[in-house]
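Structure first, then comments.
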Amino acid sequence: MEINEFGEKVNRIIEEIAGKPIDKPLAKYLNTMFPPESEIFEQIRGLCSLGIDEGWLCKNEAGGIRYGRAIKDLQGFSVDVVLMDNIVGPYHTHPRGEVDMIIPLSPQAKFDGHSAGWLVYGPGTGHKPTVSDGKAIIVYLLPEGKITFS
């Protein structure tokens, strides 16, 4: 089943970040270890697209955003997948931080001003997630699944 394969691929990323501080240097590390042109990044990209098309990812929709928690707990992280197209999402905070895998579907698409790759928000940070210049999939890795919407 593809969701199991998706979990296996994402778990490879989580194995690399488990125990590391959720901070900006982690984004640099991930962009070096798993850049957008890497095999694992491409595999996750393909599985996300397949999962959205087949309906086993992003099962929910609200305000023009498709989303869903794909995995509740994977080594202490939840795994959420969100599909956004030129939209600003609801403000939220990250009590334990947030690790974002940015997968542009449109060539120029950016998430919070960043193109394909990794973005990390440290503990206690917050933002309005924004996709500009097209459509993108964002894979959110949340320590302990913690996120607070306001």
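Every read-out reported here was derived from the displayed coordinates using simple, explicitly stated rules and does not represent laboratory data. Just so we're clear, the structure is a prediction, and the values are computed from it rather than from any experiment. Note that we place each Cβ from the backbone using ideal geometry, even for glycine, and neighbour counts take in every protein chain shown.
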Once Rh is set to the Kirkwood radius over Cα pairs, what Stokes-Einstein translational diffusion coefficient, in µm²/s, holds for region 1-73 at a temperature of 10 °C and a viscosity of 1.306 mPa s? 117 µm²/s
Rounded if a/c is under 1.5, else prolate if a/b beats b/c, else oblate: with a ≥ b ≥ c from the C-alpha gyration tensor eigenvalues square-rooted, which is the chain? rounded
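What is the dipole size for region 2-149, taken about its Cα centre, with +1 at each Lys and Arg Cβ and -1 at each Asp and Glu Cβ, in debye to the nearest 20? If you can, show how the numbers build up before the last one.
Working: 15 positive and 20 negative charges, 95 e Å.
It works out to roughly 460 debye.
Neighbour counts of other C-beta atoms within 10 Å: give me H94, H127 arranged from fewest to most.
Working: H94 22, H127 14.
Ordered by Cβ neighbours within 10 Å, fewest first: H127, H94.
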At 222 nm, what helix-only mean residue ellipticity would the chain give, in deg cm²/dmol to the nearest 500, using -39500 (n - 2.57) for each DSSP H run of four or more? -9000 deg cm²/dmol
Considering the options Y29, L83, A70, tell which one lies farthest towards the positive end of the dipole of region 1-87, charges being +1 on Lys and Arg and -1 on Asp and Glu at the Cβ, about the Cα centre. Y29
Calculated FRET value between E5 and M33, using beta carbons and R₀ = 25 Å, to 0.05: 0.80
How much length is gained on full extension from V88 to K135, taking 0.36 nm per residue of separation minus their Cα-Cα distance? 15.7 nm
